[in-house]
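Student: Before anything else, here's the structure in question.
Nothing in this text is a laboratory measurement; each read-out follows from the coordinates by a stated rule. Just so it is clear, the structure is predicted and the values come from calculations on it, not from any experiment. Cβ placement follows ideal geometry from the backbone for every residue including glycine, while neighbour counts extend to all protein chains displayed.
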Amino acid sequence: MMIERKYINPLLILAEQEDIGGGDITSFATVDSSKIGEGKFFCKEDGILAGIEMVDFIVKEKLPEVSFTFSKYDGDKIFKNETFATINGRLQSILTYERTLLNFLQRMSGVATLTHKFVEAVKGTKAKILDTRKTIPGWRYLDKLAVKIGGGENHRFGLFDMYLIKDNHIIAAGGITNAIEKCKKHRSASKLNYKIEVEVKDLNELDEALTCGVDRIMLDNFKLAEIEKAVKIIAGRSEVEISGSVNLETVTAIAKTGVDFISIGAITHSAKALDISLEL
């Protein structure tokens, strides 16, 4: 997949400003400007690789005197002590951008790896693993790209591409019915062809949402027995999404209830960076 420059350029500029700033004084002092060498990227643990396309983009955009080659691609499994890419060229440039390249690889691979674990846990069911908006500011595009690389799917990108009525909207609008009807009127008036989803906290709210008619219902922090009952009540009249208190120990049982989607904030807000190194 091709990365979108409009999301990448501002983040790359920020990464350069905060890490390189006025210049890599240590590399300038210790390494001759004409010295050429090679570095190898390798992983210190098993995982799912993500960020190769991003690194390739940075090298081509910022390091014209350096070449980047790789034997593994985004979405591939990588294993402990495996070398999956090399970088060749002017050593000053490689050292200056080492941390920037690794930060993108480690963060994205960590998100992809955790996502893949959840995807594997629901294999054999119809449930799809979704991300949320719980991302590092500025990193949403890459976090969501890493989720897709790991086998998950993206929920809405932001507040602008789906109606999602949550508890505070319900309070502010004066109830579920009012909130849903207002969204329907807004959608009709603005001619936005976006789905309407509503979050419910119990079976009474579920009944009200079903009466109004929505595209998707989010069961928020429902216990397993309540999820099973809710799925039977909904009976295909709406898509069903689960949110809250989902982890690798509970996700399989939840998926087996027949829900359509399971959204998990942890795959972006709590993913551990994959341990990747670059050695000359």
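Student: Under a no-solvent Debye model with one identical scatterer per Cα of segment 142-260, what's log10 I(q)/I(0) at q = 0.17 Å⁻¹?
Tutor: -0.91
Student: Compute the helix-to-body angle for 203-212: its Cα long axis versus the longest principal axis of the chain, expressed 0 to 90° and rounded to tens.
Tutor: With both axes taken from Cα atoms, the answer is about 80 degrees.
Student: Additional query: Can you tell me which of 174-187, 137-150 comes out highest on packing, and rank the rest after it, using the mean Cβ neighbours within 10 Å?
Tutor: Working: 174-187: 15.9, 137-150: 21.6.
Going from most to least packed, we get 137-150, 174-187.
Student: Within 10 Å, count the other beta carbons around each residue, average over each peptide in 114-121, 200-207, 267-274, and list them highest first.
Tutor: 114-121, 267-274, 200-207
Student: Tell me, what HN-Hα J-couplings in whole Hz come from the Karplus equation 6.51 cos²θ - 1.76 cosθ + 1.60 at θ = phi - 60° for each residue of segment 125-136, using x for Gly and Pro?
Tutor: In residue order, the calculated couplings are 10, 8, 5, 10, 7, 10, 8, 9, 8, 7, 10, 5 Hz.
Student: Using only DSSP helix segments of four residues or longer, with each worth -39500 (n - 2.57), what per-residue ellipticity at 222 nm results for the chain after dividing by its residue count and rounding to 500?
Tutor: Numbers: 11 runs with 125 residues, N = 280.
My calculation for the chain gives -13500 deg cm²/dmol from helical runs alone.
Student: Residue by residue through segment 176-191, what is 3J(HN,Hα) from phi via Karplus (6.51 cos²θ - 1.76 cosθ + 1.60, θ = phi - 60°)? Round to whole Hz and write x for glycine and proline.
Tutor: After applying 6.51 cos²θ - 1.76 cosθ + 1.60, I find 4, 4, 4, 5, 5, 5, 5, 5, 5, 5, 5, 4, 5, 5, 8, 6 Hz.
Student: So which GluC sites (Glu not before Pro) in segment 24-58 pass both tests, a DSSP loop state and at most 14 other Cβ atoms within 10 Å of the Cβ? Before the final figure, lay out each step's value.
Tutor: Working: sites: Glu38, Glu45, Glu53; in loops: Glu45.
Within segment 24-58, the qualifying GluC sites (Glu not before Pro) (loop, at most 14 other Cβ atoms within 10 Å) are Glu45.
Student: Could I ask something else about it? Wrap a convex hull around the Cα atoms of the chain, take a quarter of its surface area, and give that in square nanometres.
Tutor: On the way: hull surface 67.2 nm².
Its average projected convex-hull area is 16.8 nm².
Student: In segment 217-268, which GluC sites (Glu not before Pro) are in a loop and have at most 10 other Cβ atoms within 10 Å, using DSSP for the loop call?
Tutor: Numbers: sites: Glu226, Glu228, Glu239, Glu241, Glu249; in loops: Glu249.
Passing sites in segment 217-268 are Glu249.
Student: Say a paramagnetic label sat at a point 7 Å from the Cα of Asp275, along Cα to Cβ; which residues of segment 47-82 have their backbone N under 15 Å from it?
Tutor: Counting backbone N atoms under 15 Å from the label point, the list is 47-48, 79-82.
Student: OK, next. Expressed as an acute angle from 0 to 90° and rounded to the nearest 10, what is the orientation of the C-alpha long axis of helix 224-234 relative to the principal long axis of the chain?
Tutor: With rounding to tens, the tilt is 60 degrees.
Student: Between Ser67 and Thr86, how many nm apart are label points set 7 Å from Cα along the C-beta direction?
Tutor: A separation of 1.0 nm, rounded to one decimal place.
Student: How far, in degrees from 0 to 90, does helix 5-19 lean away from the longest principal axis of the Cα atoms of the chain, to the nearest 10?
Tutor: For 5-19 against the chain, the angle is about 60 degrees.
Student: So how do Arg5, Arg133 line up by other beta-carbon neighbours within 10 Å, fewest first? Can you show the working numbers first?
Tutor: Numbers: Arg5 11, Arg133 17.
Ordered by Cβ neighbours within 10 Å, fewest first: Arg5, Arg133.
Student: As a footprinting exposure proxy, order Leu91, Leu63 by other Cβ within 10 Å, with the fewest listed first.
Tutor: Values: Leu91 21, Leu63 18.
Neighbour counts put them in this order, fewest first: Leu63, Leu91.
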